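**Student:** The structure's right below; bear with me while I get my questions together.
Just so it is clear, none of the values below were taken in a lab; they were calculated from the coordinates. It should be emphasised that the depicted structure is a prediction, and the values quoted were computed from it without experimental measurement. Glycine gets a Cβ as well: all are built from the backbone with ideal geometry, and neighbour counts include every protein chain shown.
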Amino acid sequence: MKVIDHIEAAKETLFSFEILPPLKGKSIQSIYDGIDPLMEFDPKFINVTYHREEYVYKEREKGLLEKVSIRKRPGTVGICAAIMNKYNVDAVPHLICGGFSREETENALIDLQFLGIDNVLALRGDPIKTESSFTPHPKGHTYAVDLIQQIHEMNKGTYSLDEIKLEPTNFCVGAAGYPEKHFESMNMSTDLGYLKQKVDAGAEYIVTQMFFDNQKYFDFVEACRKHDINVPIIPGLKPIKSLRHISFLPKFFHIDFPDELSSELLKCETNDQVKKLGVEWGIHQSQELKKAGVPCIHYYTMSNSTEVQQIAKEVF
Ligand code: FAD
């Protein structure tokens, strides 16, 4: 079933979450161990992130260094198929522009369709660590909107390398939105203009970047509506879990902590204290969002479900 149909059929706020494929060499059991404790909250869909290659330097003979490409977390599509098979819950693979030619994207979508996966979250992807800015594949897409356009074309039976019409695919496409603006955007208004393009190209719903101040989400939804972006906007939440997160999350995800939260974080001296605060804050955010009637709350678990489970127990 498509994400948009789950949302339209829902009588109250849905619960969903996102997991990462395990590091290469770990078994799928580590994924199930993260999902099992969350099944009691009846997730209607589970997202699986996509991780592209990274470059590392391996030391060779005579001290020479060789630049080697590795993918540390492969397996997105296989995990989606395994989730659907084991839990009978819809899986949403993330599909990115980075590293893919149009043809590879097309073939990946054909694989998904054969597996009965009809949901995709379409993203550009971040620059890889060795790039200062995002570099598209020479035969690929520069922006998420181009990827969404390609999927939309396939949904109409138009494939990139064939001139004849083929069997249409039937994907429901989601896109990313940023309540605190995407960090590369000149300002919120240009960012929203590009978000509108993604919706016009075929994105049927939006999932937001994590935020810790609900007012930012409410303002974002209002600004989207003013820009004629009328699809459901799913808030994304992440529990803060460690002292390291206090500086890492704002730096990596370009988000702010509200004053009330930052002053409490400053008092924390151990990871356990941060975890406890993270759960309390997550409950407070979730309850307020649920009361406001958001379509779904989407939790970034990073494949560790303990804190999300504690939050969900109080909210769903
Ligand atoms: P885009 O919508 O393409 O936007 C990128 C930037 O370009 C923005 O600044 C935008 O304003 C601008 N822009 C957009 N269109 C145009 C245009 N036509 N002309 C000029 N400028 C334009 N990354 C992963 O690698 N794997 C994942 O699994 C993953 N999952 C994510 C899930 C969610 C819910 C979110 C919010 C992010 C996720 N990311 C993931 C991170 C994401 O790939 C990055 O945030 C990336 O930098 C932007 O992706 P996007 O799809 O929003 O890009």
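**Student:** Using Cα springs under 10 Å in a Gaussian network model of the chain, which residue among Phe252, Phe17, Phe218 shows the largest mean-square fluctuation?
**Tutor:** Per the Cα network of the chain with a 10 Å cutoff, Phe252 tops the list.
**Student:** Using Cα centres only, tell me the gap between region 218-254 and region 275-316 in whole Å.
**Tutor:** Value for the Cα centre distance between the two parts: 14 Å.
**Student:** Which one of Leu64, Cys80, Ile206 has its Cα pushed farthest toward the positive end of the charge dipole of region 3-315, where Lys and Arg give +1 and Asp and Glu give -1 at the Cβ?
**Tutor:** Leu64
**Student:** Okay, moving on. Which value, in debye to the nearest 20, describes the size of the charge dipole of the chain about its Cα centre when Lys and Arg Cβ atoms bear +1, Asp and Glu Cβ atoms bear -1, and nothing else is charged?
**Tutor:** Working: 36 positive and 45 negative charges, 138 e Å.
Its charge dipole is roughly 660 debye.
**Student:** Still on this structure: With charges set only on the Cβ (+1 for Lys and Arg, -1 for Asp and Glu), what does the dipole of region 116-251 come to about its Cα centre, in debye to the nearest 20?
**Tutor:** 540 debye
**Student:** Of Lys26/Lys156; Lys24/Lys291; Lys267/Lys313; Lys72/Lys139, which ones are farther than 32 Å apart at the Cα?
**Tutor:** Beyond 32 Å between Cα atoms: Lys26/Lys156; Lys24/Lys291.
**Student:** Calculate how many DSSP beta bridges within the chain are antiparallel, expressed in % of all such bridges and rounded to the nearest 5.
**Tutor:** 15 percent
**Student:** Place the peptides 54-61, 282-289 in order of packing, highest mean first, counting for every residue the other Cβ atoms within 10 Å and averaging per peptide.
**Tutor:** Peptide ranking by packing, descending: 282-289, 54-61.
**Student:** How big is D for region 3-315, in µm² s⁻¹ as a whole number, if Stokes-Einstein is applied with the Kirkwood radius of its Cα pairs at 25 °C and 0.890 mPa s?
**Tutor:** Using the Kirkwood radius from Cα pairs, D works out to 119 µm²/s.
**Student:** Something else about it: Please label the shape of region 90-166 as rounded, prolate or oblate, based on the square roots a ≥ b ≥ c of the eigenvalues of the alpha-carbon gyration tensor (a/c under 1.5 means rounded; beyond that, a/b larger than b/c means prolate, else oblate).
**Tutor:** Numbers: a/c = 2.33, a/b = 1.46, b/c = 1.59.
The shape class here is oblate.
**Student:** Taking the chain as a Gaussian network, where each spring joins two C-alpha atoms under 10 Å apart, which residue of Gln29, Gln113, Gln273 fluctuates the most?
**Tutor:** Most flexible of the set in this elastic network: Gln29.
**Student:** Using helices alone, I'd like the mean residue ellipticity at 222 nm for the chain: each DSSP H run of four-plus residues gives -39500 (n - 2.57), total over residue count, nearest 500.
**Tutor:** Details: 11 runs with 128 residues, N = 316.
Value at 222 nm, helices only, nearest 500: -12500 deg cm²/dmol.
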